[in-house]
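**Student:** Shown below is the structure under consideration.
The values are calculated or read from the model by the stated rules, or taken from the named source; none is laboratory data. What you see is a predicted model, and the numbers here were worked out from it, not measured in a lab. Please note: Cβ atoms are built from the backbone with ideal geometry, for glycine as well, and neighbour counts cover all protein chains shown.
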Amino acid sequence: MPLRDSESPHCDAHSTATAPSAALWTPQGRGAVATIKVRADLSTLLTTPEHSIPFRAANRKSLRDQSSGRIVFGYWGTDPSEEVVICRPSDQEFEIHCHGGLAAARRIMGDLAALQLSPLDWDIQSRQAAGNLTTDCQLALTKATTLQTASILLDQEAAWREFTESSVLAAIAGQWRELSAEIKHALSWQDLGKHLWEPFRVVLTGRPNVGKSALLNALVGYQRSVVFDQPGTTRDVVTVETAFEGWPVRLIDTAGLRDNALGLEAAGIELAYAQLADADLVLQVIDATELQDSRDVTAADGTKSIVVINKFDLVPANSQSDRPHSGAISVSAKTGFGIELLIAEIAAKLVPVCPDGGTLVPFLDDQIGWLHGLAEAVERQSLQEIRDICDQILR
């Protein structure tokens with residue numbers, strides 16, 4: 001079956017099964033159509049009662065009686081049935097084309113597994129046919145959620161091939177300083193790389209009732225968090241995924257932080273601290289009506305946080321300023337004031353510089369490890385080590 005969400009796009013290849021098999025031929029992710037290939041002796045598979053295929057053709061003929069090479073529309077299973085198209089290119093295989101959602105393919109693969117057809121993963125087949133580099137790039141691409149991240153990932157296979165070739169040539173020519181600089185430049189993109197297929201984690205934090213939930217709703221443009229003027233309303237972690245200026249973002253609304261909290265609220269605060277530890281960026285939300293002095297907005301680490309002064313609409317007009325304190329952004333979750341500026345600031349904090357087209361951007365831990373290995377080989381000026389690592393990258 002497709003890769004689980006909690007897993008990296010990378011996995012090891014296995015040997016091709018020789019037994020009758022059912023293979024999901026399209027990669028992970030939702031799409032228009034999913035394709036499953038069945039390889040077996042169809043003269044046996046389609047006639048034996050215990051191997052009853054749950055398919056009903058619209059032309060009312062059995063699958064066995066459909067001529068080879070014909071495209072057949074019909075229904076798979078019941079309660080409810082799946083609309084599918086089946087093709088029989090030969091007497092040894094047929095293809096099932098179903099809805100591209102995950103549920104349809106999983107259901108059909110489950111039915112085929114019950115018929116003793118060995119399930120094969122798409123990525124295993126792809127690694128055998130095209131190699132690890134191609135498969136890793138394609139798997140990551142299926143998890144990209146914006147055109148911008150997909151565009152960068154589309155460049156990566158060619159970028160890695162060019163990089164490995166130029167690395168070996170530079171080592172042969174003794175251009176160790178130039179090669180070291182290229183490796184350092186590639187490693188400078190490693191943080192962005194993993195977020196090409198996994199969203200940045202942006203956590204909203206602050207004291208109770210400063211408007212974190214309302215701010216999250218304003219940032220995504222619809223009500224995702226419950227908003228109530230009672231402090232401590234948010235007691236669990238609320239997440240929503242969106243994109244800011246082409247970069248995927250997971251916004252995380254957490255419980256308000258305060259001392260002496262009890263019960264569920266205290267548990268919520270504990271969860272909030274856990275989210276803060278894993279955040280890529282923190283939005284420290286402050287109530288504009290309770291702002292006492294600049295000390296409230298300078299305590300956060302500016303490299304990993306943005307101070308947001310919310311409820312700006314409640315500040316008297318004669319004392320309003322877009323940025324009353326250096327580095328802080330004033331917003332109103334209620335009126336929308338300052339939200340666009342905050343979105344631009346979030347994007348700039350997460351990705352200060354966008355890579356040019358064709359730039360090598362490592363997006364897997366293995367790739368980062370290879371680059372560090374190359375850097376060490378350059379220090380030793382070992383041409384053979386560089387050749388070996390580059391060969392490993394291209395497998």
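**Student:** Check off (1) within 14 Å of Leu364 (Cα to Cα); (2) touching a strand residue (DSSP E or B) at 6+ places or on another chain (Cβ under 6 Å) for Trp197 and give me the number that stays unchecked.
**Tutor:** Exception for Trp197: condition (2).
**Student:** Next question. On the given criteria, is Ser382 over 22 Å from the mean Cα position of the chain (by Cα) and either within 30 Å of Gly221 (Cβ to Cβ) or modelled with pLDDT under 95 (or both)?
**Tutor:** For Ser382, the condition - over 22 Å from the mean Cα position of the chain (by Cα) and either within 30 Å of Gly221 (Cβ to Cβ) or modelled with pLDDT under 95 (or both) - is not met.
**Student:** Then there's this: Could you check, for the range 228-236, whether at least one of its residues is surrounded by 16 or more Cβ atoms within 10 Å (Cβ to Cβ) and modelled with pLDDT of 95 or more?
**Tutor:** no
**Student:** Return the pair list, or none, for Cβ contacts closer than 9 Å from residues in the range 170-186 that are at positive phi to residues that are outside any helix (DSSP H, G or I), at least 6 apart or on different chains.
**Tutor:** Gly174/Gln381
**Student:** Let me ask something else about it. What number of residues within the range 178-212 are over 28 Å from the mean Cα position of the chain (by Cα) and polar (S, T, N, Q)?
**Tutor:** Initial filter on the range 178-212 (over 28 Å from the mean Cα position of the chain (by Cα)): 178-181, 207-211.
Add one more test, that the residue is polar (S, T, N, Q), and what stays is 180, 209.
Total satisfying the criteria: 2.
**Student:** Further question: Residue by residue through the range 55-84, note down the ones that are at pLDDT below 90, more than 34 Å from the chain's Cα centre (by Cα) and of a type outside the set (D, E, K, R).
**Tutor:** Ser62, Leu63, Gln66, Ser67, Ser68, Gly69
**Student:** In the range 114-155, how many residues are farther than 30 Å from Asp41 by Cα, part of a helix (DSSP H, G or I) and under 16 Å from the mean Cα position of the chain (by Cα)? If you could, list the steps in order and put the result at the bottom.
**Tutor:** At the first step, the residues of the range 114-155 found to be farther than 30 Å from Asp41 by Cα are 132-134, 136-155.
The next check asks that each one be part of a helix (DSSP H, G or I); those that pass are 132-134, 136-143, 147-154.
Imposing the further condition that a residue be under 16 Å from the mean Cα position of the chain (by Cα) reduces the set to 136-143, 147-154.
Of the residues in the range 114-155, 16 are farther than 30 Å from Asp41 by Cα, part of a helix (DSSP H, G or I) and under 16 Å from the mean Cα position of the chain (by Cα).
**Student:** Further question: Under 6 Å between Cβ atoms, which residue pairs at least 6 apart in sequence (or on different chains) link something in the range 311-333 that is among the aromatic types (Phe, Trp, Tyr) with a partner that is assigned to a helix (DSSP H, G or I) and modelled with pLDDT of 60 or more?
**Tutor:** Qualifying pairs under 6 Å: Phe312/Ala288.
**Student:** Going residue by residue through the range 103-113, is there one that turns out to be in a strand (DSSP E or B) and in contact (Cβ under 8 Å) with a residue 12 or more places away in the chain?
**Tutor:** No: zero hits.
**Student:** For the subset of the range 84-120 comprising residues that are more than 26 Å from Asn59 (Cβ to Cβ) and touching a helix residue (DSSP H, G or I) at 6+ places or on another chain (Cβ under 9 Å), which member is surrounded by the fewest Cβ atoms within 10 Å (Cβ to Cβ)?
**Tutor:** Gln116
**Student:** How many residues are in contact with a Lys or Arg (Cβ under 9 Å, 6 or more places away or on another chain), modelled with pLDDT under 85 and closer than 30 Å to Thr135 by Cβ if we restrict to the range 20-44?
**Tutor:** 5
**Student:** Filter the range 159-168 down to the residues that are more than 16 Å from Asp388 (Cβ to Cβ) and either over 21 Å from the mean Cα position of the chain (by Cα) or β-branched (Val, Ile, Thr) (or both) and list them by number.
**Tutor:** Residues satisfying the conditions are Arg161, Glu162, Ser166.
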